[in-house]
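Have a look at the structure below before the remarks.
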Amino acid sequence: MTAPLLAAADLTVRFGQSGRGLPWRPRRSVLALDAVSVSVAAGGTLGVVGTSGSGKTTLARCLVRLTRPDSGVVRLAGQDVAGLTGAAARDFHRRVQLVPQNWGSALDSRYSVADAITEPALLHGTTTRGGRAGFVTRLLDLVGLPEAYRTRLPHELSGGQAQRVVIARAIGLRPDVLIADEAVTALDASTCAQIVNLLAELRERLGLALVFVSHDLALVAHVADHIVVLHEGAVAETGPAADVLRRPAAAITAELVAAVRVRTGPA
């Protein structure tokens, strides 16, 4: 069996709530993740699927160290990442890149496409100021954008074009793992399919591990080798994508499969 490149074991996350701010109400907490374990091998694709509030985004944030779990561990190439600091932490954040849902807030409105792509690459040393022009040209080509787009600002881009720029910025850091967290939710159906296919092509072309997070089981099954179904913060089902889609074992998975069949017709 191939050793996992990125793995999480028994992740548990609780978020506090103050009862609408009324001091006489007892403080409550919400269990966002309940002992969740996932892994993805180098070059593989893990699909994480679930309805709204199932814990998908919390899991993605834990995998990129944006949310610290209350318990459990995240490992990259076998190393616990919780205590990384300094150069080791910077290297982790280069190697594990997030493609978020909200591309609008991911791009600075003052930065051209070329600047958006090169700023983090200069910081992490994956390009130089002298090599910027060729660097941007190559990345725009990889994500299917004409070179003329290098001077455009975010407000001059469509949603699909902006998400391609976000993807270009991420792969410009030469990551080992790309985590796409509901990265196509805000896009129309045609553009959504194009971005999903682009992510699959980049995974194969660049040898990336891909974690694809979505509420849409059809999209996840299209791109993923292995699927984890989350429900109310816990793993409801996990297995090879084809098995999960054809023979769902958990009730929530069966509901997700039924929703796919309603949209697309019988398999």
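The values are calculated or read from the model by the stated rules, or taken from the named source; none is laboratory data. Owing to the predicted nature of the structure, the values given are computational and were not obtained by experimental measurement. Please note: Cβ atoms are built from the backbone with ideal geometry, for glycine as well, and neighbour counts cover all protein chains shown. We work out accessible area using only protein heavy atoms, side chains counted, and drop any ligands, DNA or RNA first. Shrake-Rupley method; radii C 1.70, N 1.55, O 1.52, S 1.80 Å.
With respect to the conditions (1) modelled with pLDDT of 95 or more; (2) open to solvent by less than 60 Å² (accessible area, probe 1.4 Å); (3) farther than 21 Å from SER54 by Cβ, ALA193 lacks only one, and its number is (1). Among the residues of the range 129-173, those that are assigned to a loop (DSSP other than H, G, I, E, B) and of a type outside the set (Ser, Thr, Tyr) comprise ARG129, GLY130, GLY131, VAL143, GLY144, LEU145, PRO146, ARG152, LEU153, LEU157, GLY172, LEU173.
Scanning the range 66-91 for residues that are under 21 Å from HIS124 (Cα atoms) and buried (at least 17 other Cβ atoms within 10 Å of the Cβ) returns LEU76, VAL81.
Restricted to the range 222-258, and to residues that are among the charged types (D, E, K, R) and within 13 Å of VAL48 (Cβ to Cβ), which residue is least open to solvent (accessible area, probe 1.4 Å)? Ranking the candidates gives GLU237 first. Here LEU187 fulfils each of the conditions (1) in contact (Cβ under 8 Å) with a residue 60 or more places away in the chain; (2) open to solvent by 20 Å² or more (accessible area, probe 1.4 Å) apart from (1). Can you confirm whether THR51 is surrounded by 21 or more Cβ atoms within 10 Å (Cβ to Cβ) and among the polar types (S, T, N, Q)? So THR51 does not fit the description; no. Among the residues of the range 112-122, are any open to solvent by 50 Å² or more (accessible area, probe 1.4 Å), charged (D, E, K, R) and under 23 Å from the mean Cα position of the chain (by Cα)? The answer is yes, given that some residue of the range 112-122 is open to solvent by 50 Å² or more (accessible area, probe 1.4 Å), charged (D, E, K, R) and under 23 Å from the mean Cα position of the chain (by Cα).
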